[in-house]
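Worksheet: the structure to be examined is printed underneath.
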């Protein structure tokens with residue numbers, strides 16, 4: 001989708017994704033001790049970025065939609081948390097090398113070639129030992145799940161993602177499908193997502209660091 005289309009979508013309703021963090025993000029990262037800077041790439045209206053900031057991370061949130069970024073800024077101000085917000089194309093943005101201990105990507109659905117470019121930038125932006133956590137709509141969701149984009153080219157294939165991550169030097173801890181219950185007109189149905197948890201090799205990162 002182009003920026004105008006995303007802006008229209010965000011303008012058409014109060015909050016597209018709500019204010020609570022994605023449950024997979026909260027489950028995976030809730031026990032981690034904040035350790036430096038975190039990047040929420042494709043942050044939307046900022047729900048995950050704001051949650052990370054409340055945990056104690058120094059957070060940067062980046063999204064393609066300036067409407068989403070402005071809404072995220074307002075939500076952060078209401079929660080009195082300080083976050084660096086940037087409006088930029090996530091597939092081509094230059095990221096500071098080695099700057100982030102944690103990168104979160106939530107439902108960035110772009111063609112594989114663009115995703116490979118994003119992952120390459122993320123790998124460089126991660127500090128040694130830094131952690132990448134991703135959640136997105138799985139390819140199998142198109143035929144066997146519910147909701148999400150209907151274009152197979154932008155859906156995540158775990159096998160392909162694992163290869164792409166390993167190819168840029170990241171250590172893949174998890175790359176697998178997970179189920180997410182969704183309320184529909186026909187009742188509760190399962191959506192199929194792909195969850196990624198990976199590390200940049202180096203010093204100990206955030207995976208095994210509990211709160212202190």
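Readers should treat all values here as calculations from the given coordinates under stated rules, not as data from a laboratory. If you're wondering where the values come from, they're calculated on a predicted model, not measured in any experiment. Counting neighbours? That spans all protein chains shown, and the Cβs are built from the backbone with ideal geometry, glycine included.
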When (1) under 13 Å from residue 199 (Cα atoms); (2) surrounded by 15 or more Cβ atoms within 10 Å (Cβ to Cβ); (3) touching a helix residue (DSSP H, G or I) at 6+ places or on another chain (Cβ under 8 Å) are applied to residue 169, the one that fails is (2)
So how many residues does the range 23-40 have that are out of contact with any helix residue (DSSP H, G or I) (no Cβ under 6 Å at 6 or more places or on another chain) and either within 17 Å of residue 73 (Cβ to Cβ) or in a loop (DSSP other than H, G, I, E, B) (or both)? 6
Enumerate the pairs (first residue in the range 88-108 and in a strand (DSSP E or B); second residue anywhere and surrounded by fewer than 16 Cβ atoms within 10 Å (Cβ to Cβ)) with beta-carbon separation below 8 Å, excluding pairs fewer than 6 apart on the same chain, so at least 6 apart or on different chains. 100/36; 101/36; 102/36
Residue check: is residue 148 on the phi > 0 side of the Ramachandran plot and touching a strand residue (DSSP E or B) at 6+ places or on another chain (Cβ under 7 Å)? yes
Which residues, taken from the range 30-45, are farther than 16 Å from residue 136 by Cα and crowded, with 24+ Cβ neighbours inside 10 Å? 38, 39, 45
